[in-house]
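Following: one structure in structure tokens, then a few remarks.
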Amino acid sequence: MALPTALITGGSSGIGLALSELLIEKGYQVYSVSRNPKRGPLSDQFIPIEFDLLETEKISDFATSFCKDYGVPDLLINNAGCGAFFEWENFPESEIRNQIDLLFTAPIFMCRSFAPLMSEQNKGAILNLSSLATLYPLPFMPLYNAGKSALSSFTQSMMLEYVAYPKFIDFRMGDVRTDFNQSARKEENENQSKNSSNAWNQIEKQLNDSISKEVAARQIWKSLNISRSGTYYGGTLFHSRILVFVHRIISSKLLNNLIKSWYRIRNK
């Protein structure tokens, strides 16, 4: 009997790697799309595929080729992402384009390619990994916040359009202890303002105090086992429950002031 199949973007590191390992354990054949296919679990159930998601104009052809070789996947997880931390007046144009393409455009075209095929076969689930930054934006990471928020909104739109299959999940993940910060593009420390330096130090601290990628993968797996589409939260109890509740009861003005205070951002 053939194994169920999962296609994961960025499945060779971070949360994606933990997800790949967990899905293999659960009996999936896992296909990982990344620019570095040499990394990943040592398993016959893991097949790395080299593809640069920033080449968004080639995603449709990639999907056609994938389905020809492996069939329509049972599960698509749009996980790949990275951060860029700059004050807005110094934000490189190349990073603006890369953030938009990787965090939003690429997942959109992956969904455009695979969702109709899943629907035709009356099967499948698509999980788009967004972020708690949709509610609590990270300072000096405007494109990350915007990309994840756009992906979240898009996913909720798909829930309205695809009533049966595929199931769509908007998973808003809180901080996870990975090498995300180490791979983020940012200004050199000596060029940072006091505000951006304070914010980055707090971002580093909260990342170090967060859940492991293995715990994050188990939280995502739990959401996949819910029969209906929906929006779900991950991270620590503080992230996934308390902050979500607080967001529902406070004003946008108070929220903005709380975020500034948390990251020690002072008026210039």
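The table that follows gives values for the structure above.
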| item | result |
| --- | --- |
| Any hit, the range 152-170, residues being touching a residue at least 60 places away in the same chain (Cβ under 8 Å) and out of contact with any strand residue (DSSP E or B) (no Cβ under 7 Å at 6 or more places or on another chain) | no |
| Test: residue in the range 175-182 that is at pLDDT 95 or above, surrounded by 12 or more Cβ atoms within 10 Å (Cβ to Cβ) and assigned to a helix (DSSP H, G or I) | no |
| Considering residues of the range 89-134 that are open to solvent by 20 Å² or more (accessible area, probe 1.4 Å) and aliphatic (A, V, I, L, M) only, the residue nearest to LYS167 (Cα to Cα) | LEU117 |
| Residue, surrounded by the fewest Cβ atoms within 10 Å (Cβ to Cβ), within the range 36-67, restricted to residues that are touching a Ser or Thr at 6+ places or on another chain (Cβ under 9 Å) and basic (Lys, Arg) | LYS38 |
| Output for the range 211-242, where each listed residue is open to solvent by less than 50 Å² (accessible area, probe 1.4 Å), assigned to a loop (DSSP other than H, G, I, E, B) and either out of contact with any helix residue (DSSP H, G or I) (no Cβ under 8 Å at 6 or more places or on another chain) or among the aromatic types (Phe, Trp, Tyr) (or both) | ILE226, THR236 |
| Flag if THR5 is open to solvent by less than 30 Å² (accessible area, probe 1.4 Å), at pLDDT 95 or above, in contact with a Ser or Thr (Cβ under 7 Å, 6 or more places away or on another chain) and hydroxyl-bearing (Ser, Thr, Tyr) | no |
| Odd one out for GLU187 among (1) open to solvent by 80 Å² or more (accessible area, probe 1.4 Å); (2) touching a Phe, Trp or Tyr at 6+ places or on another chain (Cβ under 7 Å) | (1) |
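The values are calculated or read from the model by the stated rules, or taken from the named source; none is laboratory data. Every value quoted in this text rests on a predicted model; they were computed, and no experiment measured them. Reconstructed Cβ throughout: ideal geometry from the backbone, glycine too, with neighbour counts over all protein chains shown. We work out accessible area using only protein heavy atoms, side chains counted, and drop any ligands, DNA or RNA first. Shrake-Rupley method; radii C 1.70, N 1.55, O 1.52, S 1.80 Å.
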